[in-house]
Each structure stands twice: as C-alpha cells, then as structure tokens.
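Q: Below you'll find the structure I mean.
The values are calculated or read from the model by the stated rules, or taken from the named source; none is laboratory data. Everything numeric in this text was worked out from a predicted model, so none of it was measured. Don't worry about glycine lacking a Cβ; one is built from the backbone with ideal geometry, like all the others, and counts go over all protein chains shown.
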Amino acid sequence: MAREDAIREEAIAWAARTGDPGFEEWDAFTTWLEEDAAHAPAYDRVMATADDAAEALATVPQPGNDNAPAEDSADQSHPRRRFLGGAMAAALIGVAAVSVWQLRDPAYVVETAPGETQLVELEGGVQIALAGNTRLVLQRDDPRSASLERGQALFTVDHDPSAPYRLTVGEDTLVDVGTVFEVRRDAGAMSVAVSEGEVLFNAERQRVRVRPGQRLTSAAGSDHYVVAAIPLAEVGEWQEGRLTFRDATLEQVAGNLSAATGTSFTASPRAAARVVSGSLMLDSVEADPRTVGPLLGVSVRYQAGAWELGAL
Amino acid sequence: MAANDSSTGLEAVFLENRERLRRFLVARGAGEAAEDLLHEVWLKIAARDLGRSSGPVASPLSYLFRTADLLMIDRYRSARQAVRRERDWGVAQDGTLPGASDAPSAERHLIGREQTRLVAEALAALGPRVEAIFRRHRVDGVPQRQLAQEFGVSLSTLESDLRRAYAALAQLKEQWDEV
C-alpha cells in the first residue's frame with residue numbers, strides 16, 4: 001500500500017509539471033516511466049482524474065466570478081445575484097455534464113435532505129435553488145416544466161414569451177414568463193412569492209396574477225387563496241440563511257425549521273394552530289435550537305428526539 | 001521557404017527524434033500501438049501545418065512529446081469510459097442510491113451531479129488559491145509561468161499547489177471507485 005502511495009505521489013509530481021506547455025524534461029520523464037511498469041498507469045490515472053475534474057468544472061460557472069449580466073445593481077438583495085456567488089455556488093450543478101445519460105426516461109427527480117440545499121441549472125435559462133427536504137420532478141425533454149412534490153424552491157427563469165415556464169404544485173399550476181419566484185409546498189398548503197416579473201396562478205381557474213412583492217397562499221384541496229404583501233428581500237432569503245414567518249402556524253414553523261436545518265422540530269399538539277411571526281438566522285438556530293423561543297415568543301423543549309415548540 | 005520555417009522545423013524535429021518519441025510512447029504504456037500512435041502524432045503536426053492558424057512552436061521537441069502524451073491520456077480516458085458505462089448500468093439497475101426516483105436515468109443523473117459537487121468541494125477545501133490555480137491551469141489552459149505572475153507566487157509554489165489539487169482529486173476518485 002505504501003508503495004502504491006509513493007508511486008502515486010511521484011505521478012502527481014510529474015503530472016503537475018508535464019501539464020504545462022513549458023515542460024522540457026521529457027527524457028527524465030521517460031526514464032521515470034521505464035523504471036516501473038506501474039508508473040505509466042499511475043500517471044494516467046492522475047491526469048485523467050484532473051481532466052475529468054476540469055471538464056466537470058467547465059460546465060458550471062466559477063464561484064465569485066462576476067461576469068453576471070449587469071442588472072439593477074441598486075438592489076443589493078437581488079435574489080438572482082445570489083445564484084452567482086457564495087456557498088451555493090459550490091453546489092451549482094451542470095446538467096449538461098450528463099448528456100450521455102439522457103437517452104431514457106424523460107422524468108427525473110432532484111431531491112434534498114433536511115438541512116441541505118442544492119442549485120440546479122437547466123438549459124433554456126432556468127435555475128432552481130432547492131431548500132432542505134424538497135423533492136422536485138423535472139423533465140429532460142422540457143426544461144421549462146417541473147412539478148414540486150414537496151418542500152420549497154426558488155426559481156429564476158429567463159424571459160421567453162414563446163415558452164412560458166409551467167410549474168405544477170399539487171392541484172395548482174403556475175405559469176410564468178420570466179421571473180424570480182419562490183414556491184413552497186407542504187402537507188396543508190402551497191404558496192408562491194414573486195420577487196421579479198409575474199406569475200399566473202391557475203390560468204384555467206382563479207387566474208390570479210401574482211406580482212413582485214406579493215405572496216399567494218392556497219390551502220390544499222381548496223379554491224380559496226390569499227394574496228399578501230411581502231418585502232422583496234424575503235423571497236429566497238433562506239439562501240442567505242434566514243427564515244421569516246408571517247402569521248405562520250407553529251406546525252408550519254416546525255416543518256420549515258426542520259427542512260432548513262436538518263434538526264427535528266415539532267409543534268406541541270395543543271398549540272399547533274397558534275400563529276406567530278418573526279425572523280430567524282438559521283446559524284444560531286442550528287447552534288442552539290432554544291434560540292427560537294425568545295425570537296418567536298414560544299416555548300422550546302427537547303422531547304422524544306425533537307425540539308417541541310409550544311405556547312409560552 | 002522561409003515563411004514555412006516553424007512547421008518544417010516541427011516535421012524535421014519529428015524525423016530527427018522519431019526513436020526518442022517511440023521510446024517515450026512505449027514507456028507510456030502504448031505497447032505494440034506505439035508505431036500507430038507515432039503516426040498519429042505525425043498526422044497531428046501535419047494538420048497543424050495545413051491549418052496555419054497556430055503560431056510558431058517555441059520548443060518543437062517538447063511540443064511533440066506533449067502531443068504524444070495527450071494522445072495517451074485520451075486513449076486511457078476513452079478505454080476507461082467504456083468500462084465505466086457498463087459499471088454505471090450495473091449501479092443503476094441495483095437501485096442502491098438513496099433519494100433517487102425509480103428511473104435508472106435519474107439515478108445516473110444523480111451520480112454525475114454528485115461527482116461535480118464533490119470535485120468542487122474537494123478543491124474548495126484546499127483554499128481559494130489552490131482552487132483558482134487549478135481552474136486557471138486545467139480549465140482555462142493558462143501556462144504556469146503566466147499563472148505564477150498572475151498569482152504572485154513562485155513556480156515551485158505553483159507546482160506545489162497543483163500537486164495538492166491533483167492529490168485531493170486522486171483521493172476523491174479512489175473513494176468514489178470504492179463505492
């Protein structure tokens with residue numbers, strides 16, 4: 001084993017030099033290769049792995065690279081800009097990288113665990129950021145349609161009037177022609193919040209236009225809906241590690257916190273319908289779940305493997 | 001024929017050093033294919049001659065060795081690709097990955113995506129300079145001398161950064177292959 005490691009180390013040292021057009025010592029390199037038949041395969045592995053990595057990276061934008069299209073720079077909290085830098089960029093995914101595999105079933109699933117986030121970039125100018133505990137079904141042959149089965153996601157869709165973006169959320173349908181919007185679905189309800197452009201809610205039924213700074217909420221199995229004003233900065237704020245609740249039930253709060261942090265929260269059965277408002281930084285909640293208490297005005301206690309939120 | 005100096009030079013250097021190149025290809029693991037590969041190198045420099053788009057080669061002999069080396073890497077990668085495709089089919093049919101849908105294509109999709117994420121993470125863990133140097137060198141193809149100036153480091157520091165990146169990627173690859 002030690003010998004293999006030593007060979008690999010030597011192969012790496014050569015690879016770091018031969019990869020450069022200025023490298024001249026080919027005879028010395030040849031001599032090294034001739035010393036041991038294991039040298040050439042080790043070198044091949046290192047070079048091929050570096051090439052694989054470079055190709056994978058070439059399909060995704062560089063973190064911190066500021067070649068983003070210039071746009072309303074006055075708005076610092078612009079959600080679209082968040083796609084281009086910061087921690088999320090490391091998770092940015094190039095779907096083009098797996099084109100060899102796109103021959104079969106057109107539907108595929110992208111899923112995150114609680115506490116995990118993921119950014120998916122599709123052809124046709126669609127970027128989707130998935131919050132924790134989210135399941136999204138995408139179509140290989142149609143990047144402009146998707147179905148949110150569970151959880152929460154922020155959509156950034158390039159404007160193309162000839163190809164509206166369609167998102168199915170349970171029994172509801174959202175149609176959009178170039179916007180940034182966030183959709184959340186849990187057991188009881190769905191909501192859509194728009195930070196840019198416009199989203200059409202159930203074109204065949206209620207036909208509601210949701211505009212920037214608005215959030216539409218609709219309970220599952222109901223045609224009833226509510227539209228409320230929200231600050232633009234709240235759309236997709238979870239990408240920056242923040243969660244804001246406005247008149248949310250403790251049950252919803254517990255569900256959202258569990259999805260965002262990966263720590264289990266529950267609502268006490270007696271207080272599940274109690275409504276609270278407040279804004280939380282996920283870092284501090286992860287560090288100490290009890291900080292939720294004073295911020296939302298609720299009690300927090302550890303019980304049966306989860307943090308239970310209840311009335312004070 | 002003065003205008004054609006550089007390419008004529010390349011071909012002349014090839015003919016002069018044919019045996020050295022062959023020996024290199026054999027050492028590189030080409031075996032009996034060494035002659036064929038030598039011919040491929042010749043075709044590549046001939047095509048370069050026809051294209052005339054590229055400038056003169058600063059160091060013709062290095063250029064030839066490099067061309068031969070890249071041919072070998074391509075060969076290794078395409079051979080491995082064929083093996084891997086079969087293996088991935090196996091993985092997909094076992095359905096062993098969590099979080100994927102029932103469709104085999106979805107699982108293989110997740111594998112590719114996961115790999116890209118792991119690569120980015122492995123490089124990020126080495127710090128911003130190592131990560132940036134790897135990207136600039138391997139993705140953007142910037143020569144080391146220029147990179148050393150760009151990052152304000154010595155050539156040996158630059159090489160050491162690249163070694164760290166390659167080592168991290170090789171380790172990642174091993175873990176991945178063990179799965």
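Q: Name every residue in segment A:265-276 that is surrounded by fewer than 12 Cβ atoms within 10 Å (Cβ to Cβ) and in contact with a helix residue (DSSP H, G or I) (Cβ under 9 Å, 6 or more places away or on another chain), in order of residue number.
A: A:273
Q: In segment A:286-299, what residues are free of Cβ contacts under 8 Å to residues at least 40 places away in the same chain and surrounded by 19 or more Cβ atoms within 10 Å (Cβ to Cβ)?
A: Within segment A:286-299, A:289, A:292 qualify.
Yes/no per residue for (1) at pLDDT 95 or above; (2) under 13 Å from residue B:138 (Cα atoms); (3) assigned to a helix (DSSP H, G or I):
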| residue | (1), (2), (3) |
| --- | --- |
| A:23 | no, no, no |
| A:28 | no, no, yes |
| A:31 | no, no, yes |
| A:34 | no, no, yes |
| A:45 | no, no, yes |
| A:51 | no, yes, yes |
| A:54 | no, yes, yes |
| A:60 | no, no, no |
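Q: Another question about this same structure. So residue A:192 clears everything in (1) closer than 20 Å to residue A:111 by Cα; (2) in contact with a Gly (Cβ under 9 Å, 6 or more places away or on another chain); (3) among the β-branched types (Val, Ile, Thr) except one condition, right? Which one?
A: Result: residue A:192 passes all but (2).
Q: Based on this model, can you work out whether residue B:168 counts as in a helix (DSSP H, G or I) and at pLDDT below 75?
A: no
Q: Of the conditions (1) over 23 Å from residue A:201 (Cβ atoms); (2) in contact (Cβ under 8 Å) with a residue 40 or more places away in the chain, residue A:236 fails just one. Which one is it?
A: (1)
Q: Filter segment B:42-77 down to the residues that are assigned to a helix (DSSP H, G or I), at pLDDT below 90 and more than 11 Å from every other protein chain (Cβ to nearest Cβ) and list them by number.
A: B:42, B:43, B:44, B:45, B:46, B:47, B:48, B:49, B:50, B:51, B:60, listed by residue number.
Q: To continue, here is another question. Are any of the residues in segment A:139-160 touching a Pro at 6+ places or on another chain (Cβ under 7 Å), outside any strand (DSSP E or B) and among the charged types (D, E, K, R)?
A: Within segment A:139-160, one or more residues are touching a Pro at 6+ places or on another chain (Cβ under 7 Å), outside any strand (DSSP E or B) and among the charged types (D, E, K, R).
Q: Could you tell me which of the residues A:254, A:272, A:259, A:220 is without any contact (Cβ under 8 Å) to a residue 40 or more places away in the chain and either out of contact with any Phe, Trp or Tyr (no Cβ under 9 Å at 6 or more places or on another chain) or closer than 21 Å to residue A:150 by Cβ (or both)?
A: None of the others qualify; the one that does is A:272.
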